[in-house]
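So the structure is just underneath, and the comments pick up after that.
The values are calculated or read from the model by the stated rules, or taken from the named source; none is laboratory data. For clarity, every value in this text was computed on a predicted model and none was experimentally measured. Don't worry about glycine lacking a Cβ; one is built from the backbone with ideal geometry, like all the others, and counts go over all protein chains shown.
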Amino acid sequence: MIKVLLSQDIHPEGRKLLEGKFDVRIAPGAAEADLIEAAKDVEAIILRTNAKITRKVIENAPKLKIISRTGAGVDNVDVDAATEKGILVCNLPAVNNVSVAEHTVALIMHLAKQLSTMDRAVREGKWNMRNSNIAVELEGKILGVVGMGNIGALVAKKCHDGLGMKILAYDPYTEERFKDYDYEFTDDLEELFRRSDFVTLHCPDTPETRGMVKRDLIYSMKPTAYLINTARGTLVDEKSLIMALKERRIAGAGLDVFTEEPPKEDNELLKLDNVVLSPHSAAMTKEATTRMSTEAAQAVVDYFEGRQPKYIFNGNELRKKGIRLYFEMEKLL
């Protein structure tokens, strides 16, 4: 029976698609050594964000044919190594768009209305906090959106149409798509950070974007501005962000992602009162979790039943290698 490795258990609805068709096993841990041992005789991996499939893992998995991600990002897969071996890397580009976009909007609203501070004040009997005037309205405020892909565009739409915010966007690749929208684009990232009341990041982790939000950008923000990151922690110079927050150089931040996950106990972000934190959970709604597990499992089922999986991230590169992507309908099970 074909062996399928789960980097971490998936939703029962996803498991149902695999039961009886595959020998399903769960990796004992997320360390590279654990994955090398667990993947050495498997033909498929269903990969969550808890683990990385490195070149070493791939080179030690001679039977591996498909890696199926439970989300859109593939930064935890060595795609080049997989492509060299003719292994399909499948992802789910739109599976969690709504969940992440809603989480982003929730962070923006939470910060604008200072809900953590207000909640704490009521619990501590500090009713006079109602007169502090620290909350702000969102209507008319400038939302700087860095990355106008599926999620960034959805955040822009929700904040523009639903909250009356002005959109200032930065994305060298998608501006033409939004020429008929009431959005302003800039090719100057510093301008976006300088002018925005809220800056939200929606970029993948790539060599181009890694560390792109440097100290100078953070310190160029208004002292009343907020930074929101529901994308990847590696986009931001975390030490500089912590310093800016401690010095009150910016008003605050809403973070779902961190440079190191989970953050260590001594990470100063955990001690700051002008930060709202969540545990990389923006995509983890009940609905999205079900979709991610079932669609990632379906990609594996489709492949081994002779159908082309819906999304193949490295499809073009595999085509260049002469690997057929329109699979024979012959059953392989």
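Side notes on the structure shown:
- Search result, residues across the stretch 30-46 that are under 24 Å from the mean Cα position of the chain (by Cα) and loosely packed, with under 14 Cβ neighbours inside 10 Å: A31
- Counted residues, the stretch 1-26 - those being under 24 Å from the mean Cα position of the chain (by Cα), surrounded by fewer than 22 Cβ atoms within 10 Å (Cβ to Cβ) and not polar (S, T, N, Q): 6
- Cross-chain or 6+ apart pairs with Cβ under 6 Å, the stretch 293-312 first and assigned by TED's automatic domain parsing to the domain that holds P12, then buried (at least 17 other Cβ atoms within 10 Å of the Cβ) and among the acidic types (D, E): P309/D302
- Failed condition for T49, given (1) of a type in the set (S, T, N, Q); (2) assigned by TED's automatic domain parsing to the domain that holds I10; (3) buried (at least 22 other Cβ atoms within 10 Å of the Cβ): (3)
- Selection status of L88, closer than 30 Å to G322 by Cα, touching a Pro at 6+ places or on another chain (Cβ under 8 Å), among the aliphatic types (A, V, I, L, M) and in contact (Cβ under 8 Å) with a residue 60 or more places away in the chain: yes
- Residue check: G322 meets all listed conditions (1) in a loop (DSSP other than H, G, I, E, B); (2) within 27 Å of G152 (Cα to Cα) but one, namely (2).
- Considered as a group, the residues in the stretch 138-158 that are out of contact with any helix residue (DSSP H, G or I) (no Cβ under 6 Å at 6 or more places or on another chain) and closer than 21 Å to P204 by Cβ include one that is modelled with the lowest pLDDT, and that residue is G149.
- Some residue of the stretch 83-102 being surrounded by fewer than 24 Cβ atoms within 10 Å (Cβ to Cβ), under 19 Å from L255 (Cβ atoms), under 26 Å from the mean Cα position of the chain (by Cα) and among the hydroxyl-bearing types (S, T, Y): yes
- Of the residues examined, D180 is one that is exposed (fewer than 14 other Cβ atoms within 10 Å of the Cβ), over 19 Å from the mean Cα position of the chain (by Cα) and modelled with pLDDT under 95.
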